[in-house]
Amino acid sequence: MEDVPPVSDIPQQKQKRYDDIKNTFLKKYGNPPEFFARASGRVNIIGEHIDYCGYSVLPMAIEQDIIIAVSHSSTTDKIMLSNMNPSYQDFQCSIKDFTISKSDPQWFNYFLCGVKGILEYAKPNALRGMTCMVSGNVPASSGLSSSSALVCCAALATMYAHGYSIAKKELSGICAQCERHIGTEGGGMDQAISFMAQEGTAKHIEFSPLRTTNVRLPGGAVFVVTNSCVEMNKAATSFFNIRVVECRLVAQIIAKSKGLNWRDYKRIGDVQKALGLSLEDALVVVKEIFHKEPYTKEEVCTFLEVTPEQLAKTTLSTNTLTVQSFKLHDRATHVFSEANRVLQYKRICDENPGDVLQRLGTLMTESHVSCRDMYECSCTDLDKLVDICLESGALGSRLTGAGWGGCAVSMVPMDQVEQFISKVKENYYAVEPSRAAKVSSAVFATQPGGGAAIYKM
Ligand code: ADP
Ligand code: NG1
């Protein structure tokens, strides 16, 4: 039997939340839901902005999740969506015919990505209408993967409503692909951890082919998430896709410099493999090939011997067509060094020698510095928060997720967690009323949570 998402009863300790969703569903639609789908957010411990380059990452699922209550019927083709959070407006469309807008990332478009993923994969003969109530408590646009939790949950709901049982690995791949309909060109970390997570263990996730290995986090420390309260929606801006394109250019320019057919390469990891380089050697190659100053589009085109129109086809994406400048040296330096940090982190966790906490903490902080200075995906508030976390007793602290705002994850000695949290609250949250108002959901210690599941009524 392949490893498919479990179908089970609602966990007793969560019953109240599910009852609330069920009652809201009943009030809204006049009949009860038939089942619930659930998929969690995640915190990435280390390995930022490298999944889409083909490199491994090390996240864990968090308790915060998206839950969808669903009833379905073969006598209607309607998808009806409502959300427990009134700021997400009701939406309906036909399951037979809908479009996903790339220029307007409204919440229901993420849901439709999940639906589309399953329909394209399974191609059901008989489509069923679905009536849904969505409830989510993953902080949105904060690097904890609320968007993928919604996409994965919608895909799982569509799968179950249509009577399919699809392996977790397949679902991870389907959802990594289908979330791209929203316009962002992510890797597959978020969708993989959402399906493949297991309670009590972080996961080392490798790509092509997708493979996950349990990572036992060291005893004696707790991972604490703190939200900078700066939101950044990936699909509404081009920050994220610009980095993806810069990495693609790094891959193609290294390939061309080394005599490979550069048009065959989109991911840095694939070029490194083709050249048989170690990550350390790859960093030397970066110094050899790239200058520190940003590359103009013209320079890139001249080097690759293409016109700007051809570059648009080989390398760019819809929302990066007008970008004129690319910082290739620094992006490449981040990617190779971060890929190396992930492997070191995992090795230290596996070997578990005496002084692990200091060494793991150092790797996390180095990762933040690289994200901040080389990848330029942090922001002033988030840097300030990371500094405060380090001053408040964290052994390591870093931005987590896409960045440009969102959360930091800190590794804190177990016996100092309370003190750490109160210092961070005092120095980051209490100083600003808008942050203070959000502090109760903005700071939390977290344990590795479980993967996506279906719950029967
Ligand atoms: P993240 O880093 O959390 O994945 P994104 O900016 O990529 O952030 O995606 C956030 C978007 O996901 C929100 O703007 C919203 O459209 C959708 N979303 C997140 N949580 C919910 C929710 N509970 N209900 C509906 N939509 C949600
Ligand atoms: P967030 O924005 O934190 O959910 C995004 C990407 C990941 C990965 C990280 C950066 C999507 C759906 N997610 O995560 O694949 O690239 O940024 O490490 O695009």
Practice problem: Determine whether the range 93-103 contains at least one residue that is in a helix (DSSP H, G or I) and either modelled with pLDDT of 95 or more or surrounded by fewer than 16 Cβ atoms within 10 Å (Cβ to Cβ) (or both). | Solution: no
Quiz item: For the range 301-393, which helices (runs of 4 or more DSSP H) that fit wholly inside it have 2 or more residues that are within 25 Å of Val57 (Cβ to Cβ)?
Solution: 328-351, 356-373, 380-391
Self-check item: Flag for Ser141 being outside any helix (DSSP H, G or I), of a type in the set (S, T, N, Q) and within 16 Å of ligand 2 (Cβ to nearest atom)
Solution: yes
Quiz item: Has the range 408-430 got any residue that is surrounded by fewer than 22 Cβ atoms within 10 Å (Cβ to Cβ), touching a helix residue (DSSP H, G or I) at 6+ places or on another chain (Cβ under 6 Å), outside any loop (DSSP other than H, G, I, E, B) and of a type in the set (Gly, Ala, Ser)?
Solution: no
Quiz item: If we keep just the residues of the range 340-385 that are more than 18 Å from Val225 (Cβ to Cβ), of a type in the set (Val, Ile, Thr) and more than 18 Å from the chain's Cα centre (by Cα), which is nearest to ligand 2 (Cβ to nearest atom)?
Solution: Val369
Quiz item: Restricting attention to the range 16-68, and to residues there that are part of a loop (DSSP other than H, G, I, E, B) and surrounded by fewer than 24 Cβ atoms within 10 Å (Cβ to Cβ), which single residue is nearest to ligand 1 (Cβ to nearest atom)?
Solution: Pro33
Quiz item: List pairs: first in the range 389-416 and of a type in the set (Phe, Trp, Tyr), second outside any helix (DSSP H, G or I) and within 16 Å of ligand 2 (Cβ to nearest atom), Cβ under 7 Å, 6+ apart or cross-chain?
Solution: Trp404/Met232; Trp404/Cys377; Trp404/Cys379
Self-check item: Every pair of residues 6+ apart whose Cβ atoms lie under 6 Å, when the first sits in the range 107-124 and is closer than 16 Å to Ser145 by Cβ while the second is within 16 Å of ligand 2 (Cβ to nearest atom) and hydroxyl-bearing (Ser, Thr, Tyr)
Solution: Tyr110/Ser147
Exercise. For the range 240-254, state whether one or more residues are within 16 Å of ligand 2 (Cβ to nearest atom), closer than 30 Å to Ile421 by Cβ and of a type in the set (A, V, I, L, M).
Key: no
Quiz prompt | Contacts under 9 angstrom Cβ, first residue in the range 170-193 being farther than 13 Å from Cys153 by Cα and part of a helix (DSSP H, G or I), partner aliphatic (A, V, I, L, M) and modelled with pLDDT under 95, 6 or more apart | solution = Ile182/Ala235
Exercise. Answer yes or no: is there a residue in the range 64-87 that is within 30 Å of Val250 (Cα to Cα) and without any contact (Cβ under 8 Å) to a residue 24 or more places away in the chain.
Key: no
Quiz item: Out of the range 144-163, which residues are in a loop (DSSP other than H, G, I, E, B) and surrounded by fewer than 24 Cβ atoms within 10 Å (Cβ to Cβ)?
Solution: His162, Gly163
Exercise. Look at the range 173-191 and say how many of its residues are away from ligand 1 (no atom under 16 Å from the Cβ) and surrounded by 24 or more Cβ atoms within 10 Å (Cβ to Cβ).
Key: 1
Self-check item: Scan of the range 257-278 for residues that are surrounded by fewer than 17 Cβ atoms within 10 Å (Cβ to Cβ) and part of a helix (DSSP H, G or I), ordered by number
Solution: Ser257, Arg263, Asp264, Lys273, Ala274, Leu275
Quiz prompt | Number of the exception - Leu343 against (1) surrounded by 24 or more Cβ atoms within 10 Å (Cβ to Cβ); (2) on the phi < 0 side of the Ramachandran plot | solution = (1)
Practice problem: Could you please find all residues in the range 125-167 being without any contact (Cβ under 8 Å) to a residue 60 or more places away in the chain, more than 16 Å from ligand 1 (Cβ to nearest atom) and in contact with an Asp or Glu (Cβ under 9 Å, 6 or more places away or on another chain)? | Solution: Leu127, Arg128, Gly129
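The values are calculated or read from the model by the stated rules, or taken from the named source; none is laboratory data. Note that the structure is a prediction, hence the values are computed from the model and not measured. Cβ atoms come from the backbone with ideal geometry, glycine included; neighbour counts cover every protein chain shown.
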